[in-house]
Every structure is written in C-alpha cells, then in structure tokens.
Amino acid sequence: MHTITAPSPGVPVARVVVDVMLKPEILDPQGQAVQRALPRLGFEGVADVRQGKRFELELAGPVDEAALERVREIARTFLANTVIEDFHVRVEEGVEEVGAVR
C-alpha cells in the first residue's frame, strides 16, 4: 500500500491535477448535448465537445516521480474507468500553503 501524507497547516503543498476523459472511440452523449445546445444559445463554430472530469490532489512537499506514480495508481484504480476513459496527470504550477487564504 502506498501512502500520501495529508499536508499540515503552514506546510507547502503541490497541486497535482488528474484530467479524466472518455476515450475518443467512446460515444459522449453529454458532450453531444452541449454541442447541439450551443448554436441555439448563439454560440457558433464549435465543431465538437467532449465532457470529462478534473480532480485536484494537494500533496505535501515536493512532487517527485514516486509521488506522481502514486497519483497515477490512484487514477488507474479509483478516479478513471480505464476501459472507457483515459487520464492525464500533471503538476499545476505554483505552490501554496495549507490554510492560506486564496
């Protein structure tokens, strides 16, 4: 079992973003519904819409390759259905402190 420690107040954190999208070959009815609605609302020229999910994980301390691999494992086993969804993991730029006012 891999552990990611919860950040304590005042400790710098890094935000890791996991974007989950349906695979291109999977029909996206929600995206299609949005695409059909856009022209009726006056928004022309949108060729395609795909809907997905975004997860933000705040990790204590620096993000090294081991931490990113743990996040990928979280995405593979819990955040994404890898049969029909792809995911992308990235570190969001900028470091904040837990408890800091945004």
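No value in this document is a laboratory result; all are computed from the given coordinates. These figures come from a predicted structure and were not determined experimentally.
Structure notes:
- Karplus 3J(HN,Hα) series, Hz, for region 69-76 with 6.51 cos²θ - 1.76 cosθ + 1.60 (x for Gly, Pro): 5, 5, 5, 4, 5, 4, 5, 5
- Long-range Cα-Cα pairs in region 13-102 (distance over 17 Å), rounded percent: 59 percent
- Couplings 3J(HN,Hα) of region 41-58, computed from phi: 9, x, 9, 9, x, 8, 7, 7, 9, 10, 9, x, 10, 10, 10, 10, 10, 9 Hz, in residue order, whole Hz [Karplus 6.51 cos²θ - 1.76 cosθ + 1.60, θ = phi - 60°; x for Gly and Pro].
- Gain in span if fully extended, Glu25 to Ala37, counting 0.36 nm per residue against the direct Cα distance: 2.1 nm
- Relative to the current alpha-carbon distance between Arg72 and Val17, full extension at 0.36 nm per residue lengthens the span by 18.8 nm.
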